[in-house]
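A short worksheet on the structure shown next.
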Amino acid sequence: MTTTTAAGPARTRRATGKATGAILGRQPLGLVFVAPYVLYIVLVLAYPLGFAVYMSFHDYFFTAPGVEVPKPFVGMDNFVAILTDPAVARSFLNTLIFLVINVPLTVVLSLVLANALNRVTRLKAFFRVSYYIPYITASVATVAIWLFLFQGSGLINQLLGPLAPNPSWLINESLAMPVIAIYVTWKQLGFFILLYLAALQNIPNELYESASVDGANKRQQFMNITVPGVRSATLLVMVLSTITGANMFTEPYLLTGGGGPNGASASPVYLMYKKGIEQGHPGLAAALGVVLVIGVLAVSLIQRKLVGGEED
Amino acid sequence: MKRNSLKIAAISGALIFAASMAACSSNSPPAGGNAGTTGPIEIWYSNNKAEVTWGKAMVAEWNAAHADQQITAQEIPAGKSSEEVINAAITAGTTPCLIFNTAPVAVPQFQKAGGLVALDTFKDGAAYIQARTGALADQYKSSDGKFYQLPWKSNPVVLFYNKDIFKKAGVDPSQLATQADLLTAARKIKQSGAAQFAMWPSPGSEFYQSWFDFYPFYAAASNGTPLVKDGKSTFNSDAGKQTAEFWKTMYAEGLASKEVYQGDSFADGKAAIAVSGPWAIDYYGDKVNWGTVPVPGLTASDKSYTFSDAKNIGLFSACKNQQTAWDVLKFATSPDQDGKFLKTTGQMPMRSTAVTDYADFFTSKPAYKAFSDQATRTVEVPNVNNAVEVWQTFRDAYSKTVVSGQGTVADMLKTTADKIDQLVAAK
Amino acid sequence: MKAKNQSLQLILLFIGALVFLFPFYYMVMASLQTKPDTTVAGAFPNPANLTGQNYVDINKAINLFSGVLNSGVFTGGVLLGTLVFGVLAGYSLAVMRFRGRGFVFGMMLLVQMVPFQLLMIPLYVMIVRSYGLGDNYLGMILPFAINSTGVFVFRQYFLQLPASMFEAARIDGASEWQILWRIAVPLVRPALVTGALLTFIGPWNEFLWPFLVTKRASMQPLAVSLANYMSTVAASETNPYGAILAGACVLAAPALLLFVFFQKYFVQTDLGSAVKG
């Protein structure tokens, strides 16, 4: 049965290959496979996204159905207002501080831990579950723990005694964002460990075996086999943690009660929320969103250049 | 290279889509609702336990008497989420007829969006409100002189003090008559170590936090002046300066905490004084041995002003049976229902004659008497354009100068007043 | 030598695991306390201070069963959409060549980068007004139906399969459909399980969207009912902290159970043999 059905389509494909190949590509069935996803994006996400871009060029205001309020086209005004707002600039700086700490830490820690988890032979289930737990626990609980540790009278300061920073961690303009970065790294690590774990499965054991035979020690094997072997996963981890970090909203909000000391932990999305929903200026919020997306895009492209590792 | 052009293609695709969609979106159907029709309606109330109890009883009573105008009621959580929900609902035209617990600060925005119905459109609208609430009702008029909200209940804030901590520190509540006195008392409390902090209002940077530290004290100091009056900021004044300096000193000397406390610092005995309203009576209950004094002004007075922390009721334009909604509104704020509300929740209905009308309640629960008197002298959030942004601007500047101690109070007040004047004047 | 390395790694992992587990442990601890005890000593169980009252309170206040049911439908719908259509999309983006492939990839990246707050209100208006899906499971599921991160991850792992294997299969006459389901998918099973587990968490913990879209309490998923409960409770219970954490435990438990159950699927057959064979 397999032979007859297989011969049929194959023959047809090769026969029409030259004709359709030029127009639709070598496997036009790909269009069919990807169609539901594209339909989903178009029906569900394209409109709000396009609308958001539209709003960013207008002095927009959400009104009840049938109510007409002037929403004039204002060109680049919203963008200018956003880019010259010191609070916005500060929020982008905060994001940068966050990413600089979070992304490398995430990549290194998750790879090292995933590697260790992959090799360990005992208590596998216990370890995997424990690293995954912060990720599935709701923010409200993990924030409570973190505050218990880092508040002015918290555990960490009690242990540090006279070395405790003053003002304390989360109300300190220069320490607030780094503390949040470490918190988020810890919370999200489970996700990235999973990604690396899956990627590690694709490195054939033979490579390690032959390297051992050649006399390479564990560290050399790690640096020369494992790290290059998961390069595409590394790019994935970098890009995803960048996107998550740039779009962060709940964590700084919960940990520092809003935007933190002088906006030192305000995230761009928090500002979008304030301007768009609380203050009723969705045009400004949309402009900020567009700038944010462009920024993230740029950073992702740079990361791709640095890490590479994708065939096309 | 190829990637970049593809991304540009994706973005431009979205833009083209945007333009076409936006063109379509302008053909929206007209707002639902007819001021004269009656029929079933939907209402939302807050999810405060006591309010829900009262709400359910009120709805049951109405439904029993009006088979053809049934109310369906639902809770919404208060706070951040309710803004998002109400805004989204207005835009989609899916708001209920009445939302109990509409925040006065949100009313200008809802009104601008066309989401609220002016209660003046009902024949007895304005008259009813004035008769029930008296002179205080004027603070709730919008700039066009109409009422887009019905002033419902207030929680005038006062100072709750911990009697045990005071005793330990050797402080007497009569020593809290003026701001200066309060400062001295606070220092005494800190020195004695009776409490971690004298006061612990939330130092968070959300726009509404000023309503529980700066604003009540400013109301007392300025004899009942709202933040913005007749389109101009009022706080760049002596009263404003003194109040801001008072708080700046509190933070600078470690008498108030710069960190947000998870939970209630007063209930947990970490703060000696809390700024709260009558809803807290049930909450503090017997957790703390508490007493209350009015918020002190600059000079001793027994007729001081404070912040009202009022929540009102809005009638939304998506409502189909607006006459019923208005009738329910009158029912829910009738003398009978106001009394039941007071007894169930302890919050003050904004009825100008509440003190005498419910005299037996206040005799049986003397703790609330002080509040009923205070409720006649309250200041509300000013009903101006961009109200939320106004408060956010104020809070940002306050956080920087008063809480974190950077810059001078005089500069802060001047710059902020200018910014707020611009916001209020803008559309 | 090998044993020493093993035990060193084991110790490190163990310390790490403790660091990760401690907060969860503390959360369970605190949810069982009668009175909140924020000192260091409070981290250890104090028999005098233990009670299950917080959990009883939660069950009285919200209907746990319907909450879990709704969460299940919501999350299940998203998982179905992602595992079926997402895998198809990821596979085609990775392995098949067709016109517009780069364009779709670009859209996918773009969609992932956009924060939800930017889309929220127009999305709500569209789904409730234009599509008429308010108070409807489909309305809840739709914005999350095919998790773009999942598609990204699937594509990533399909990309790691050697092209030679596909060529060989095509020469043997297998159709694309067969290649996908008989050959490619079994080889990336860890990635699929990963994708599923990661896609699970989003809708399971999601509060705002289902809350916006459903107005009837009977349709609300567990995350929404718990969030409502947390905000009411914070104002009036003896141990608000404990009640909130009890709620968080209840929300985390099913996710944890699922993970414990499925984590053994991470180990997969050796890729090398597939290429040789």
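We did not get these values from a lab; they are worked out from the coordinates using the rules stated. All figures in this text were calculated on a predicted structure; none of them were measured in a lab. Glycine also receives a Cβ, built like all others from the backbone with ideal geometry; neighbour counts cover every protein chain displayed.
Counting beta carbons within 10 Å around each of B:ASP309, B:ASP396, B:ASP373 and listing the fewest first gives the order B:ASP373, B:ASP396, B:ASP309.
Please give the per residue volume of the convex hull enclosing the alpha carbon atoms of region C:60-276, rounded to a whole number of Å³.
Once divided by residue count, the hull of region C:60-276 is 144 Å³.
Using the alpha-carbon centroid of each, what span in Å lies between region B:288-323 and region B:98-141? Region B:288-323 and region B:98-141 have Cα centres separated by 15 Å. Equivalent ellipsoid of the protein assembly as shown: semi-axes from √(5λ) of the C-alpha gyration tensor, largest first, are 53, 34, 26 Å. Need the list of lysines near B:LYS163 for cross-linking: C-alpha distance under 20 angstrom, and skip anything on the same chain fewer than eight residues off. List returned: B:LYS188, B:LYS190, B:LYS270, B:LYS287, B:LYS365, B:LYS369.
Helices assigned as whole DSSP H runs in chain B whose Cα atoms extend at least 30 Å along their own long axis and whose mean Kyte-Doolittle hydropathy is -1.0 or higher are found at B:2-25.
Each of C:LEU13, B:ALA274, A:PRO86 was scored by the projection of its Cα onto the charge dipole of the protein assembly as shown, and the greatest displacement toward the positive side belongs to C:LEU13; charges sit on the C-beta of Lys, Arg, Asp and Glu. Per-residue shielding of B:170-178, expressed as the average number of other chain Cβ atoms within 10 Å of the residue Cβ, stands at 0. Relative to its residue count, region A:97-270 spans a Cα convex hull of 133 Å³ per residue. Placing R0 at 41 angstrom, the Cβ-Cβ distance between B:LYS232 and A:ILE302 gives a FRET efficiency of 0.25 after rounding to 0.05. Result for chain B in a Gaussian network model with C-alpha springs under 10 Å: among B:LYS123, B:LYS163, B:LYS141, the largest mean-square fluctuation is at B:LYS123. Computed 3J(HN,Hα) for region A:268-274, one whole-Hz value per residue from the Karplus formula 6.51 cos²θ - 1.76 cosθ + 1.60 where θ = phi - 60°, is x, 5, 4, 5, 4, 4, 4, glycine and proline marked x.
Distance between the C-alpha centres of region C:99-115 and region A:237-261: 23 Å, rounded to the whole angstrom. Counting, for every residue in C:220-226, the Cβ atoms of other protein chains within 10 Å of its Cβ and taking the mean gives 1. Within the listed set A:ILE41, A:ILE294, A:ILE203, the Gaussian network model of chain A (springs between alpha-carbon atoms below 10 Å) gives the highest mean-square fluctuation for A:ILE41.
Look at the Cα gyration tensor of chain B: its axes a ≥ b ≥ c give a/c of at least 1.5 with a/b at or below b/c, and that counts as oblate.
Rounded to the nearest whole Hz, the Karplus-based 3J(HN,Hα) values (6.51 cos²θ - 1.76 cosθ + 1.60, θ = phi - 60°) of region A:60-75 follow the sequence 8, 8, 7, 10, 5, x, x, 8, 9, 10, x, 10, x, 6, 10, x, with x at glycine and proline. Once both labels are positioned 7 Å from their Cα atoms along Cα-to-Cβ, the gap between C:ILE171 and A:ILE156 label points is 5.9 nm.
Evaluated with a Cβ-only charge set (Lys, Arg +1; Asp, Glu -1), chain B carries a dipole of roughly 800 debye about its Cα centre, given to the nearest 20. Its Cα centre serving as origin, region A:97-270 has a Cβ charge dipole (Lys and Arg +1, Asp and Glu -1) of approximately 340 debye.
For C:PHE103 and A:LYS124, FRET efficiency with R0 = 35 Å and r from the beta-carbon atoms, rounded to 0.05?
Calculated value: 0.25.
In the structure shown, the pairs B:LYS112/B:LYS330; A:LYS71/C:LYS215; B:LYS153/B:LYS340; B:LYS146/B:LYS340 are assessed against 23 Å; a Cα-Cα span above that value is assigned to B:LYS112/B:LYS330; A:LYS71/C:LYS215; B:LYS146/B:LYS340. With a simple spin-label model that places each label point 7 Å from the Cα along the Cα-to-Cβ direction, the separation between B:SER192 and B:SER174 comes to 1.6 nm.
Across the options B:ILE41, A:THR256, B:ASN223, the greatest Cα extent toward the positive end of the charge dipole of the protein assembly as shown (unit charges at beta carbon of Lys, Arg, Asp, Glu) belongs to A:THR256.
Ordering B:SER46, C:SER92, C:SER130 by the number of other Cβ atoms within 10 Å of each residue's own Cβ, fewest first, gives C:SER130, B:SER46, C:SER92. Relative to its residue count, chain A spans a Cα convex hull of 247 Å³ per residue. Considering region B:206-344, its Cα convex hull presents a mean projected area of 12.4 nm².
Remark on B:ALA73: its backbone amide H falls under 5 Å from those of B:ILE43, a criterion applied only to residues 5 or more positions apart or on other chains, H modelled at 1.01 Å from N.
Note on the protein assembly as shown: with charges restricted to the Cβ of Lys and Arg (+1) and Asp and Glu (-1), its dipole about the Cα centre is near 2900 debye. Among the helices of chain A, those built from whole DSSP H runs whose Cα atoms reach 15 Å or more along their own axis and whose mean Kyte-Doolittle hydropathy is at least 1.0 are A:29-40, A:86-119, A:139-150, A:176-200, A:231-246, A:282-307. Using Cα pairs under 8 angstrom and six or more residues apart, how large is the relative contact order of chain A, in percent? Relative contact order here is 26 percent. To the nearest 0.05, what FRET efficiency results for B:ALA67 and B:THR121 with a Förster distance of 25 Å applied to their C-beta separation? Approximately 0.40, to the nearest 0.05.
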